[in-house]
Amino acid sequence: MGAGAMAEATVSQQPRASAGGIAVLGTAQVAWRNLWRNPRRTWLMAGGIGFAAWMLIISMSLQGGTFTLMIDNGARMMVGHVQVQHPDYEDNPRLENVLDDAPALRARIETLPGVASAALRGQATALVSTDERSFAAQVMGVEIGREAEWSRVPLSVRDGRYLAGSGEAFIGSVLARNLGVSVGDELVLLGTAKEGGVAALASDVVGIFETGMVGIDRSLVQIALPEFREAWNLAPGEAHTLVVVTDRVQESLDLAERVWRTSGDWKTLNWKELMPDAEQFIALKLGGTWLFFTVISVIVIFSVVNAFMMTIFERTQEFGMLKAIGMRPGRILFGLQVEAAWLWALGMAIALAVCTAMILPLGTWGMPLPMDADELLAAMHMPDRLYPEFDSAAAWVSGIALFVGTQLALLVPSLRLWRLRCVEALRVQE
């Protein structure tokens, strides 16, 4: 083909493309007008689509705020959002499985974006004794100032105060009751040191904490990390865990990835691995929400099927005339698909408008939690307001699912178009 012929072909294709775009635009305009032949039916169907999307977006947004609060509260109670450990420590928590040169590792991690605080810990099991009683407990050596920056345990003081230096012990309320000790009494801690020797330490109880979590209140004793290292024969730069905390729970998984790349050969655990029960609870709640959304969506889609079935019966004569003048059934079906798309767009616009009007103010000022739960919330160190965040993923998923559902719902009544005979259709009285 010569250059002139190619130019002519190109010029001839431009009007075709332009005509195609005009045809699509005309179809969209006609479909929009057809949608309002029965305004009541249109608003009912759009409202049903909007309700299904609204239900999922609101539920996921409220649950997202609740889950964020739950994860952050659990992380700040004890384990943090991210932990760095010796590769064998999680499965075999022996004293020998330590982080070497832990202060230098902490200094590198503190430079990462998103890190609010990082603290070292030493951990061991010991026999905690008074004059007459003895109980097994977990002894935790902590960096006092850093621990107080992020952990909720120092805020859970029931009697006395938090640690200020060496020679002091901060113990749980249940353990204190079992031992029969109070603030000012002396504890003797006996355990096995790092290289098999005897770890022995005497400390004065300066504070008793009560977190409301029996497992912690019954077994935990905190002392200063330098004192722990000396008693359990750890080197000055050694620790068992490095706990990392962030101010943005939503970014904690990404932070764990950055910490892993920075920590080298050490093992990095995110909040899902540190709190598997919380992850399972969240998965269960989300599964229930998605199931409810599926049920509502199926009901809405069946309503759309019924609406378009009525539309096709009411417009049988019109469709018969279109077929009589040569319009193919596929072209008619395309017009109905555009009507379904308009119906979906109207429903999603309603859902997004209502969700935005509800979620944005709540995200700014918070949603008050029940007044009768004030004491429980205070005991768990949780705020009295919930701050939901708009879940854009839920909006996308609900929009795509409902769009596909409305298009598929149209296919069921549209089968009548393919069997429609022009003569019989033109005889039908509207």
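Numbers for the structure displayed
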item	result
Label-point gap, in nm, between D159 and S129 - each point 7 angstrom along Cα→Cβ	2.3
E210 versus T356: modelled label distance in nm, points set 7 Å from Cα along the beta carbon direction	4.9
Gain upon complete extension [F313, E96; 0.36 nm per residue less C-alpha separation]	70.2 nm
Point-to-point label distance, E186-W36, nm (Cα→Cβ direction, 7 Å offset)	8.9
Inter-centroid distance (Cα atoms) of the stretch 89-118 relative to the stretch 209-288, Å	10
Under Karplus coefficients 6.51, -1.76 and 1.60, residue-wise ³J(HN,Hα) of the stretch 391-404 in Hz, glycine/proline x	8, 5, 5, 5, 5, 5, 5, 5, x, 5, 4, 6, 5, 4
List R106, R258, ordered by accessible area with a 1.4 Å probe, largest first	R258, R106
Spatially proximal aspartates and glutamates relative to K285 (Cα-Cα < 14 Å; intrachain offsets below 8 disregarded)	D277
Spin-label zone in the stretch 214-237 - amide nitrogen under 14 Å from a point set 7 Å from the Cα of A200 along the C-beta vector	231-232
Sorted peptide list for 236-247, 164-175, criterion being average Cβ within 10 angstrom, highest first	236-247, 164-175
Candidate aspartates and glutamates - alpha carbon under 12 Å from K267, same-chain residues fewer than 8 apart omitted	D88, E90, D91, E257
K194, K285, ranked by accessible area, largest first (probe 1.4 Å)	K285, K194
Sequence of T211, T68 from largest to smallest accessible area, 1.4 Å probe	T68, T211
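The values are calculated or read from the model by the stated rules, or taken from the named source; none is laboratory data. Predicted, not measured: the structure shown is a model, and the values here were computed from it. All Cβ positions, glycine included, derive from the backbone under ideal geometry; neighbour counts span all protein chains shown. Protein only, heavy atoms only, side chains kept; ligands, DNA and RNA dropped before computing areas. Shrake-Rupley method; radii C 1.70, N 1.55, O 1.52, S 1.80 Å.
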